[in-house]
Amino acid sequence: MDRKEYYRQWRAKHPGRNAESCRQWKQNNPDYFAEGRKEYSRKWRLEHPGYYAEVLRRWTLANPGKHYQQVKAWIKANPEKYKAHQHVQRALKRGDITRLPCETCGEIKTHAHHSDYAKPLEVTWLCATCHRRQHPRL
Ligand SMILES: [Zn+2]
Ligand SMILES: [Zn+2]
């Protein structure tokens, strides 16, 4: 059975799929979301070599220059943020500042959060989750 057909049948069997049924499914399949998940996706990638590359290639073909345009539009809308990020990237490369674990939870992967974009090197290091909390609008 190919994947399209599989999804079609799955949707037919699960009408009204919503947050609640999703939550229940997770409860009934804890392995998929815990340790097993990594293993599962690793296997899946092995069985479908080049799948993600192919998806990305198709998306790029279907949306020529779209990502670039999105980035450019963002820079135009947020010039001070963009400049501040550039400052941080350069300072990181030079070793003027060091990336630190999340100040709130200790996660290693962090973003530089600016409380004041006029002071580009005064940053707080926050993980994606804690960072989002600092920007409720995002
Ligand atoms: Zn955090
Ligand atoms: Zn921030």
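Only the coordinates and a few stated rules stand behind these numbers; no lab work does. Only a predicted model underlies this, so the values are computations on that prediction, with no experimental measurement involved. Positions of Cβ are backbone-derived with ideal geometry, glycine not excepted, and every protein chain shown enters the neighbour counts.
Electrostatic bookkeeping for Trp44 treats Lys and Arg as +1 and Asp and Glu as -1; over the other residues with beta carbon under 13 Å from its beta carbon, the sum is +4. Positive contributions from Lys and Arg (+1) and negative ones from Asp and Glu (-1), summed over other residues with Cβ under 13 Å from the Cβ of Val55, come out at +3. Each of Ala12, Ile108, Val88 was scored by the projection of its Cα onto the charge dipole of the chain, and the greatest displacement toward the positive side belongs to Ala12; charges sit on the C-beta of Lys, Arg, Asp and Glu.
Compactness of the chain was expressed as the Cα radius of gyration divided by 2.2 N^0.38 Å, which yields 1.46. Against the chain, whose longest principal axis is taken from its Cα atoms, helix 3-13 shows a tilt of about 70°. Annotation for region 43-138: trypsin sites (Lys or Arg not before Pro) lying in DSSP loop with at most 11 further Cβ atoms inside 10 Å of their Cβ are Lys109, Arg137. Using Cβ point charges alone (K and R +1, D and E -1), the dipole size of region 28-138 about the Cα centre works out to roughly 480 debye. Compactness check for region 64-138: Cα Rg over 2.2 N^0.38 Å is 1.18. Considering helices alone, the calculated mean residue ellipticity of the chain at 222 nm is -18500 deg cm²/dmol, with DSSP H runs of length four and up weighted by -39500 (n - 2.57) and normalised per residue.
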